[in-house]
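Accompanying notes for the structure given below.
The values are calculated or read from the model by the stated rules, or taken from the named source; none is laboratory data. Keep in mind that this is a model prediction, so the values were computed, not measured. Note that each Cβ is placed from the backbone with ideal geometry, even for glycine, and that neighbours are counted across all protein chains shown. With ligands, DNA and RNA removed, areas are computed over all heavy atoms of the protein, side chains included. Shrake-Rupley method; radii C 1.70, N 1.55, O 1.52, S 1.80 Å.
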2 protein chains.
Amino acid sequence: MPVNPQVGRLDHVRAAEQPLFTPRTPRIVAARRLHRRRERDTTGRFLAEGPQAVREALAAPGVLVELFGTPAGLDRYAELADAASRAGVPVSGVTEEGLAALAETVAPQGIVAVCAQVDVSIGEALARRPRLVAVLAEIRDPGNAGTVLRTADAAGAGAVVFAGDAVDPYNGKCVRSSAGSLFHLDVVRAADPIAVLAELRAAGLTVLAASGYGETDLDELTDAGGLARPTAWLFGSEAHGLPAELADAADARVRVPLHGRAESLNLAAAAAVCLYASARALRPGAARSAPEGA
Amino acid sequence: MPVNPQVGRLDHVRAAEQPLFTPRTPRIVAARRLHRRRERDTTGRFLAEGPQAVREALAAPGVLVELFGTPAGLDRYAELADAASRAGVPVSGVTEEGLAALAETVAPQGIVAVCAQVDVSIGEALARRPRLVAVLAEIRDPGNAGTVLRTADAAGAGAVVFAGDAVDPYNGKCVRSSAGSLFHLDVVRAADPIAVLAELRAAGLTVLAASGYGETDLDELTDAGGLARPTAWLFGSEAHGLPAELADAADARVRVPLHGRAESLNLAAAAAVCLYASARALRPGAARSAPEGA
């Protein structure tokens, strides 16, 4: 949408001159309700804390809905406040208590944004032909989910699917753990993991289930060229692993080799090893050395 | 040491018949002080919660010093209590409150052990000629440190060095995050990281600093055969990275490639990718394909 930079700038200046919002100001009360999943599901909005998240949200058109900051926060991140104003996003000054009401961390660095949820359908995500996808099945821990989202982004994944009874990707801790990656790739929410598998396979992706008890060794699969094609990795919860039904539905169940005496890897580490094994095999040129038909 | 299984068994039965220890019983008061680092440093002991940690501690001769459990916990893990008794380790029944005083987790599964610290000197560790070593430099977060310890164990590392002003490896959260790996490999504590580097290099290990800003790409290093020799990886804190002095002292500074838009990986993920790249390159047979002199 066309915006007038001068009006934006004036809005921002005006915001700093208005009385500061407090925890009892209706707009803070409303935004604060987004700490609850039900409110996020109903409104299609969520909260993002701190300058990194705000910067990422600003970069995605239409995502930033409203920006709140203490006078010190808006001053420190004036370029973000200005950019928000220019994009027609309301920018409001809040008291320290008002900010604390919106933030879950002790040090949100003075700014918190209300954002529009960014997830797309599995069909939209697959239309962009991702070569690497991560599926988080029944993962309940928001820190784990956000970390895997961040790792998937780093490994070049085009989409991350939150499948089944997984954590809400807009949970505050998940948003923070993703370190901005929530805004970098296609996030998909899908109630039925088995249906997701069928769609992934129909789109030409090999579906690999990461499992400590898998019959296929990751190194051997790599050596056989089994990672040199578009791949979707399934990851289950650290406590319970992948549901058997889902692991059975994959093209293979793959275990990360355990060379020492550890009984297992934690989820974030296992996902990093699997996703980076794929990233390495999918590098331009890397696939050429894979055996034909492997 | 030779033990009489029957005496052990009788001790264990007798323990269950004695009055249960409470938070005010002197031995519980003394054990509880081990939550503090200063007390751990002074006594050379630490606390390990739950059956997995107790089982691992039992497997290492002389490590288990004392075992406490609720009647239900000692009953549920009777084989551990029996084994402890047979090894001459005092086993005592505690009230739920007594257990809660010793445990940091909500659900310690009924047993907590006092253990002797297990770390060895860098010289002892290097005498065993480890082919893979992880050095945690200035890592303050106990959960991160324990997770990297677990991942290093899984990747086949022979030693993990807590260097400089790093977290105490016997911090309760570190012990729990290590999931038993604290007992699986050589844990070393070293005040001077630069001196550690010199010893690692003198022992023939290539020293690689994991750094998001490293001049060497991990994939390229792997392709060049640079991981096919005994290697020590240096990891710094997630917040501050490696101290420059330490990164500069390494043989190379290596970055995990970022294929997507993530600005970085978290520590646990980066360590998993680096350590498993080494594990793969160090597999029997894998080194043969590395170029000569790389």
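Taking region A:176-196 as the search range and keeping residues that are among the hydrophobic types (A, V, I, L, M, F, W, C), away from chain B (no Cβ under 11 Å) and open to solvent by 10 Å² or more (accessible area, probe 1.4 Å), which one is nearest to the chain's Cα centre (by Cα)? Selected residue: A:190. Look at residue A:78 and say whether it is modelled with pLDDT of 95 or more and exposed (fewer than 14 other Cβ atoms within 10 Å of the Cβ). So residue A:78 fits the description; yes.
Kindly provide the set of residues from region B:22-50 that are outside any helix (DSSP H, G or I) and at negative phi, ordered by number. Across region B:22-50, the qualifying residues are B:22, B:23, B:24, B:25, B:36, B:45, B:46, B:47, B:48, B:49. When the residues of region A:246-263 are filtered to those that are open to solvent by 50 Å² or more (accessible area, probe 1.4 Å) and either among the hydrophobic types (A, V, I, L, M, F, W, C) or modelled with pLDDT under 95 (or both), the one that is farthest from residue A:197 (Cα to Cα) is A:261. Any residue that is touching a Phe, Trp or Tyr at 6+ places or on another chain (Cβ under 6 Å), at pLDDT 95 or above and over 30 Å from residue B:21 (Cβ atoms) - is there at least one of those in region B:124-138? Yes.
Residues of region B:81-102 include none that is at positive phi and either within 14 Å of another protein chain (Cβ to nearest Cβ) or open to solvent by less than 30 Å² (accessible area, probe 1.4 Å) (or both). If a residue must be within 7 Å of chain A (Cβ to nearest Cβ) and outside any loop (DSSP other than H, G, I, E, B), how many such residues does region B:243-280 contain? Of the residues in that region, 7 qualify.
Just one of the listed residues (A:159, A:155, A:239) is of a type in the set (A, V, I, L, M) and over 18 Å from residue A:273 (Cα atoms), and it is A:239. Against the test of being in contact with a strand residue (DSSP E or B) (Cβ under 8 Å, 6 or more places away or on another chain), open to solvent by 10 Å² or more (accessible area, probe 1.4 Å) and in contact (Cβ under 8 Å) with a residue 12 or more places away in the chain, the options A:172, A:204 yield a single qualifying residue, A:172.
For residue B:236, the requirement of being more than 25 Å from residue B:126 (Cβ to Cβ) and away from chain A (no Cβ under 14 Å) is not met.
Of everything listed in (1) surrounded by fewer than 23 Cβ atoms within 10 Å (Cβ to Cβ); (2) in contact with a helix residue (DSSP H, G or I) (Cβ under 6 Å, 6 or more places away or on another chain), the single unmet condition for residue A:239 is (2). Could you tell me whether residue B:204 is closer than 24 Å to residue A:239 by Cα, at pLDDT 95 or above and either in a loop (DSSP other than H, G, I, E, B) or not aliphatic (A, V, I, L, M) (or both)? Judged against the criteria, residue B:204 is not a match. Of all residues in region B:129-146, those being outside any strand (DSSP E or B), in contact with a strand residue (DSSP E or B) (Cβ under 7 Å, 6 or more places away or on another chain) and either of a type in the set (A, V, I, L, M, F, W, C) or more than 20 Å from residue B:243 (Cβ to Cβ) (or both) number 3. Selection of region A:106-121 for residues being open to solvent by 50 Å² or more (accessible area, probe 1.4 Å) and not acidic (Asp, Glu) yields A:106, A:107, A:109, A:121.
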